[in-house]
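Engineer: Once you've had a glance at the structure underneath, I'll fire off some questions.
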Amino acid sequence: MKVVLRILAGLGLIAVAVVAVSYLLPGKAEVSRSITIDAPAEAIFPYVNSMQETEQWSPWLHRDPDTQLTYSGPEAGVGNALNWSSEHPQVGTGSQVIVESVENQRVQTELDFGPMGTATVSFLLEPGGNSTLVTWGFESDLGLNPISRWMGLMMDKWVGGDYQRGLTNLKALIENST
């Protein structure tokens, strides 16, 4: 009986330590990838300022071609919104709406994964000569949930490759069409 109590006490101590350490972890998850596209910002901007246009270069839609997509609001810019639903665990269900749009410079969206939380996504376009540096960023407040904070450590590994793949798709789309 003493052995069982010691094991339970040890497990309880480990659980408390895991929760306590989680509050020392970052309170935000951030992912960012960049690529240089050989085109002016005005050639790239329409593809990041419209949820409909992101279909052409999305790194996720190839995973489930049966993903249900619905759009609302204007065709582009602030208020343009996408709702998606997929049975595929790497696609899932959620919504995204453009909340800020500065022509040829910046687009910011709010991303809602339902019970999995929310995030802010941004596209920054920085012209340089005959090319544009495009940075795709993601930021999510993890709150005080210890599980979210531990998962936040993995966000770059989970999403970073997709962001790079999406930017590579965008680069190919733009450079092959100009």
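The values are calculated or read from the model by the stated rules, or taken from the named source; none is laboratory data. Not measured: the values here are computed from a predicted model. Reconstructed Cβ throughout: ideal geometry from the backbone, glycine too, with neighbour counts over all protein chains shown.
Engineer: Within the range 58-90, work out how many residues are outside any loop (DSSP other than H, G, I, E, B), modelled with pLDDT under 85 and under 15 Å from the mean Cα position of the chain (by Cα).
Structural biologist: Counting residues in the range 58-90 that are outside any loop (DSSP other than H, G, I, E, B), modelled with pLDDT under 85 and under 15 Å from the mean Cα position of the chain (by Cα) gives 1.
Engineer: For the range 105-122, what are the residues that are crowded, with 16+ Cβ neighbours inside 10 Å and more than 20 Å from residue 156 (Cα to Cα)?
Structural biologist: 106, 107
Engineer: Could you please let me know if residue 175 is in contact with a Leu (Cβ under 8 Å, 6 or more places away or on another chain) and loosely packed, with under 15 Cβ neighbours inside 10 Å?
Structural biologist: For residue 175, the condition - in contact with a Leu (Cβ under 8 Å, 6 or more places away or on another chain) and loosely packed, with under 15 Cβ neighbours inside 10 Å - is not met.
Engineer: For the range 94-106, does any single residue satisfy the condition of being free of Cβ contacts under 8 Å to residues at least 24 places away in the same chain and part of a helix (DSSP H, G or I)?
Structural biologist: Taking every residue of the range 94-106 in turn, none turns out to be free of Cβ contacts under 8 Å to residues at least 24 places away in the same chain and part of a helix (DSSP H, G or I).
Engineer: For the range 119-136, indicate whether the set of residues that are closer than 30 Å to residue 15 by Cβ and modelled with pLDDT under 95 is non-empty. Steps first, answer last, please.
Structural biologist: At the first step, the residues of the range 119-136 found to be closer than 30 Å to residue 15 by Cβ are 119.
Those left that are additionally modelled with pLDDT under 95: 119.
Yes, that holds for at least one residue.
Engineer: May I pose another question? For the range 133-146, how many residues meet the condition of being in contact (Cβ under 8 Å) with a residue 60 or more places away in the chain and over 20 Å from residue 172 (Cβ atoms)?
Structural biologist: Within the range 133-146, residues that are in contact (Cβ under 8 Å) with a residue 60 or more places away in the chain and over 20 Å from residue 172 (Cβ atoms) number 9.
Engineer: Sticking with this structure for a sec: Name the one entry in 107, 99 that is within 24 Å of residue 67 (Cβ to Cβ) and either over 14 Å from the mean Cα position of the chain (by Cα) or among the small types (Gly, Ala, Ser) (or both).
Structural biologist: Criteria check complete, one pass: 99.
Engineer: Filter the range 113-132 down to residues that are without any contact (Cβ under 8 Å) to a residue 24 or more places away in the chain and not in a strand (DSSP E or B) and give me whichever is nearest to residue 174 (Cα to Cα).
Structural biologist: Among residues in the range 113-132 that are without any contact (Cβ under 8 Å) to a residue 24 or more places away in the chain and not in a strand (DSSP E or B), the one nearest to residue 174 (Cα to Cα) is 129.
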